[in-house]
Amino acid sequence: MDPSEVEFLAEKEMVKIIPNFSLDKIYLIGGDLGPFNPGLPVDVPVWLALNLKQRQKCRIVPPEWMDVEKLEEMRELERKEDTFTPVPSPYYMELTKLLLNHASDNIPKADEIRTLVKDIWDTRIAKLRLSADSFISQQEAHAKLDNLTLMEINTIRSLLLDSLNCMFKLRSNLQPGSSKGQFMDY
Amino acid sequence: MRYENLVFKYSALFHCDQIQYTLVPVTGWQDLGTAFLEHKEQFRYFVLINCGANVDLLEMLQPDDDSIFFICDTHRPVDVVNVYNDTQIKLLIKQDDDLGVPSYDDIFRDDDDEEGDDSGNESDEGSEPSGKRRRFDEYLVLLILSTMTELMLMFHLFHRREILFDYEQYEYHGTSAAMMFFELAWVLTKDTKDMLWWAVIGLTDQWVHDKITHMKYVTDIATMQRHVSRHNHRNEDEENSLSIDCMRISFEYDLRLTLYQHWSLYESICNSCYTSCSFKLWTLNGQKKLQEFLADMGLPLKQVRQKFNSMDMSIKENLRDVIEESSNKYGMKDIRIQTFGVHFGFKNRFLASDMVHAAAALLESAEKDESNSDNFIKALDALSRSNLERLHSGIDLAKKKLMAVQQTVASCICTNLILSQGPFLYCYLMEGTPDVKLFSKPMALTLLCKYLLKAFVHSTRNKRCRLLPLIMAAPKDVDKGTVIVVGIPPESETSDKKNFFGRAFEKAAESTSSRTLHDHFDTSSKFIYNICSILHPL
C-alpha cells in the first residue's frame, strides 16, 4: 500500500468544524452531513473540513487528543512500556500532518504538537523494528502486536514480508534433496 | 505593473466562491484591444484592473450593449465619459478619493440639435435615448456665429474645452487598486492575511515607483496598520501562540536601503537612490564620505561587505538606530520609512519593498524567449508564498537592475549626457550603453529617469536647472529602430506627483507628425520612431 492511500483512508475520520456559512443537510453516499449554521460546530469528515478550510469557509477545531499535555503523557507512557500503548486515534500521524499543514492557525501550540507526535511515532517505530528484528533472528512462527496503526504496519510491511520470503528460500535450499521448482532467479 | 497582487486577490476571491474566470495580462492599449476582441463573444462581464479608466472605453473597445465593465484603476484623471456612464461602466473608487470631475452640466448638454463634427463612432450613442445625452466632440468646425444660440453654444464649448483641459491636463494616481480590492474583500468578510499582505505590497509599489505623495503614503499606511492590528490580535495571545509557519505581518519603521536584508549593507547603501544621491557616490569625494559614514557608526568594512544575514548579531541589533543617528549628521533626515514586513517560517523575512522590487524585476525581465504573459505569470508566482525560489530569483534580478541603474546614472552624470533643452532636460541613452536592454521597458526606464533627475539635482550648481522636468529616451527595439520616451515632472520636496507629459507628448507628436504609439496606460511613456522630433520645443 502506498502511504498516500493510507492518508486517503484517514480522511474519512470525523472532525469538528465551525462553518461561517449556512447550508441545509446534505445527503452523501457515505452518510448525511449537516445542517450547517454559521458559528455552530458540526462534525464532518476530514476531507470536507480541509476543502472548506482552504476556501475559507470554516474554522477547524482540533481533536481532543491534540493537546500538549495529553500528548506529553502519552509520550512518557510509550517510552516506559516495552509493548505498544493504545493510540489516541487509529490515524493519529496522518491527521496530525493534514491538520497541521492546512489549519495550523486554528491549532494552538502547533509546533510543540508536531514535535510531540513525531516523538511518539519515533518511539513506536523503534519498538517495531526491534520486534521485527527479533522475529526474524529467532525464527518465530507467529507474533502478536497490539495497538499498531495502519501507517506503522504499512512502513514495515514490504520489508518484513520480503525478508521472510528470502529467509524461507534460503532455508529451504539448505536442505539436501530439495524438491523441484525452488531455484528461482532473483 | 501592480496587476500581480490585485490579480492574486481577485483570484482568491473568485476561488472562494468557485466562479470561473479567465485571466489576461495586457501591456498596453493595443494588447487590451486585441484581448477584448478575442474574448468578447464568450463573456459578458469584464473586470479591468489598473487599466481603462483614463480613456473613453466604450469608444475604444466598441463592446456589445450588454457587456458590463468593472474598472478598478489608479490612473487619474478618470475619463469623464466613464464617470457619467450609468449602464455599462462601473468604477470601483474609494469614497474619499477626490476625483475633481467637472460637473455634468458643464460638459454635456441635453440638446436636440448638435453643431459640430460628429465622429463616425456615434453608433453606441445612438442606442441610448436620443436627445438626452449626447457628447460633443472637442474638435469643432468653426461656423460663422449669427444667432444667440450659436454664440451660447460656442461659449459653452470653449468653456467645456477649458474645463476638460484643466481636468485632463495632469496625470496622477489614486489609491492603490490592491487596497481597493482588499477593502472590498473586508466588506465581504473574506479578507485574509495573504490579501492584506498583497494590499500592503500594492501600496508600497506606489511609493517605490514614486506614484503617490508622501502624505498619501503615510495616510494609507495608517489605514493598513489598522487592518494589520486587527488580524494580529485575532489569533494570538500569550498562552496559545501560533505556529512559526503561520504568516505574521508586522509594522516596521525600517531603513530606506533597498533590499538590504538580502544583500550586503555596503552594496545596499551604494545602490539605493536616497543614499547614493545624498553622498554623491559617483564622485571620489562621495566614496570618501561613505567610508567616513561607516567609520562614524563603528561598522568594520569587513562586516559591512558581508551578506547581511552573516553579519554579527551584535551589529545587527541596534543597526537601525545607529544608522539613523549617523545619517542625521550627514544630512539624510529620512533614512527610515514606515513600512511592513512579513515573516513566515524560520528563514523567511521580507519587507514589502523587497517584494515590490522582485516582482517588478520579474515582470520586466528582458530575456529574449519570454513573452510578457510569461513574465506576468512568473511575477505572480513570486508573490505567492509557495514559490520562494521564484521570489529569490526575482530579488537577484532586482539587484542586477539596481546596479545597472546606478552605473548608468553615474556614467550619465560624469559624462554630462544630460542636456538642457530650454524648458526641459533631456537625456538619450545610446545603443551601446551597457545594460541598455533593461531600460527598454517603461517601469525600468521611469525608475532610471527618477534616479537620474535626483542625482542631477544634487550634482548641478545651476539653480534654474534644478527646477526643470526631465525627458529620457532609450532604444526600445534595435531592429525596428524604435525608441521609448519617458517624461517626469521636476524634482521637488512638495511635489504632488502630477505629470503633464501625457498630453504634452500627444501634442508634440501631432505637431511634428512623427509616428508614435501611445500605447502605455501611463500616458507619460511613449514610443517614437523619429527621435529628432522630440527636440522641438513644446
query = Among the residues of the stretch A:64-97, which ones are of a type in the set (A, V, I, L, M) and part of a helix (DSSP H, G or I)?
reply = A:VAL68, A:LEU71, A:MET74, A:LEU77, A:MET93, A:LEU95
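So which residues in the stretch B:62-84 are surrounded by fewer than 20 Cβ atoms within 10 Å (Cβ to Cβ), among the aliphatic types (A, V, I, L, M) and in contact (Cβ under 8 Å) with a residue 24 or more places away in the chain, if there are any at all? It would help to see each step written out before you state the result.
Here is the first cut: in the stretch B:62-84, the residues surrounded by fewer than 20 Cβ atoms within 10 Å (Cβ to Cβ) are B:62-68, B:70, B:81, B:83-84.
Restricting the remaining residues to those that are among the aliphatic types (A, V, I, L, M) gives B:68, B:81, B:83.
The answer is B:ILE68, B:VAL81.
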request  = Please go through the stretch B:186-236 and pick out each residue that is within 14 Å of another protein chain (Cβ to nearest Cβ), surrounded by fewer than 20 Cβ atoms within 10 Å (Cβ to Cβ) and either outside any helix (DSSP H, G or I) or in contact (Cβ under 8 Å) with a residue 24 or more places away in the chain (or both).
outcome  = B:TRP186, B:LEU188, B:THR189, B:LYS190, B:THR192, B:ASP194, B:HIS231, B:GLU236
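Going by the conditions given, is B:ALA504 of a type in the set (A, V, I, L, M) and at pLDDT below 75? Let's see the steps before the verdict.
On the way: of a type in the set (A, V, I, L, M): yes; at pLDDT below 75: yes.
Judged against the criteria, B:ALA504 is a match.
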task = Return the residue satisfying two criteria in turn: it lies in the stretch A:106-147 and is touching a Ser or Thr at 6+ places or on another chain (Cβ under 7 Å) and without any contact (Cβ under 8 Å) to a residue 12 or more places away in the chain, and of such residues it is farthest from the other protein chains (Cβ to nearest Cβ).
result = A:ASP111
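Of all strands (runs of 3 or more DSSP E) completely enclosed by the stretch A:6-58, which ones contain at least 1 residues that are within 14 Å of another protein chain (Cβ to nearest Cβ)? If you could, list the steps in order and put the result at the bottom.
Values: elements: A:14-19, A:26-28, A:31-33, A:42-45.
The strands (runs of 3 or more DSSP E) meeting that bar are A:14-19.
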Selection from the stretch A:6-21 of residues that are over 14 Å from A:MET151 (Cβ atoms), modelled with pLDDT of 90 or more and not aliphatic (A, V, I, L, M) = A:LYS12, A:LYS16, A:PRO19
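Among the listed residues B:THR283, B:THR275, B:THR339, identify the single one that is surrounded by 12 or more Cβ atoms within 10 Å (Cβ to Cβ) and under 30 Å from A:ASP111 (Cβ atoms).
Working: B:THR283 fails: under 30 Å from A:ASP111 (Cβ atoms); B:THR275 fails: under 30 Å from A:ASP111 (Cβ atoms).
Just one listed residue meets the conditions, B:THR339.
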task = Just one of (1) crowded, with 16+ Cβ neighbours inside 10 Å; (2) more than 30 Å from B:SER243 (Cα to Cα); (3) among the basic types (Lys, Arg) trips up A:ARG114, so point out which.
result = (2)
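The values are calculated or read from the model by the stated rules, or taken from the named source; none is laboratory data. A quick note: this is a predicted structure, and the numbers were derived from the prediction, not measured. When we count neighbours, we look across all protein chains shown, and the Cβ atoms used for this are built from the backbone with ideal geometry, even at glycine.
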